[in-house]
Amino acid sequence: MKIGFDLDKVFINTPPLIPNAVINKFYKKRDNGILIYNIPTRPEQLLRKAAHSPLLRQPMKNNLTFLKELSKDKKHQLYLISSRFNFLEPETTRLVKKYELDKIFDKLYFNYDNKQPHEFKNDVLKKLNLDIFVDDDLSLVRYVAKDNPQTKFYWYDQHAKEKTLENNIMVINTLGEIFE
């Protein structure tokens, strides 16, 4: 089975004391119904680089443990697909090495060409023809699910109550639920 995962808020926590609503307000918007992610200007990049420091981005230990166990089953191909922009490459490289993600995943994909995140992930998903994809960004999941009907999508949200959103989008509170 080919399974893809997002990175932030799936395996790595957001910085402490910064609510998700604040992050989303600066990160994405809709313009005439079209999803647009903000590619930060230089001053904001400096702030985002600091916020993406591995010191402030602690692991989600249960999810990393699940991933390590899953990677032992060689019938699965695992892919990390993160839309982190190019300016975050040094921080991302440190994080990947720190948590040995390069040893767990079969291949890592990062958005170092600074495409719109939903378009980047859509391109990668089409290329890989995944069976399963897990991401914490519901807007993005809804966008890519339309173009990839053969893939089963899981919106990861530890607090969500509803379990089914659309035909190929399920809600999970733990990563283990992808096999239930």
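Brief remarks follow.
- Close pairs from region 121-147: first polar (S, T, N, Q), partner in a helix (DSSP H, G or I), Cβ under 8 Å, at least 6 apart: 122/143; 122/144; 122/147; 139/118
- Whichever residue in region 148-166 is touching a residue at least 12 places away in the same chain (Cβ under 8 Å) and part of a loop (DSSP other than H, G, I, E, B) and, among such residues, is most open to solvent (accessible area, probe 1.4 Å): 159
- Complete set of residues in region 81-108 that are farther than 14 Å from residue 8 by Cα and in contact with a strand residue (DSSP E or B) (Cβ under 6 Å, 6 or more places away or on another chain): 105, 106, 107
- Pairs linking a residue in region 7-24 that is modelled with pLDDT of 95 or more to a residue that is surrounded by 12 or more Cβ atoms within 10 Å (Cβ to Cβ) and of a type in the set (Phe, Trp, Tyr), with Cβ atoms under 9 Å and 6 or more positions apart or on different chains, are 7/110; 10/156; 11/5; 11/99.
- In the set 107, 121, only one residue is of a type outside the set (Val, Ile, Thr) and closer than 23 Å to residue 72 by Cα; that residue is 107.
- Cβ-Cβ under 8 Å pairs, at least 6 apart or on other chains, region 72-84 side surrounded by fewer than 18 Cβ atoms within 10 Å (Cβ to Cβ), far side of a type in the set (Val, Ile, Thr) and in a strand (DSSP E or B): 76/3; 77/3
- Screening residue 115 against (1) assigned to a helix (DSSP H, G or I); (2) more than 15 Å from residue 6 (Cα to Cα) leaves a single unmet condition, (1).
The values are calculated or read from the model by the stated rules, or taken from the named source; none is laboratory data. No experiment lies behind these values; they were computed from the predicted model shown. Methodologically, a virtual Cβ is constructed for each residue, glycine included, from the backbone with ideal geometry; neighbour enumeration extends over all protein chains shown. The accessibility values were calculated without ligands, DNA or RNA, using every heavy atom of the protein model including side chains. Shrake-Rupley method; radii C 1.70, N 1.55, O 1.52, S 1.80 Å.
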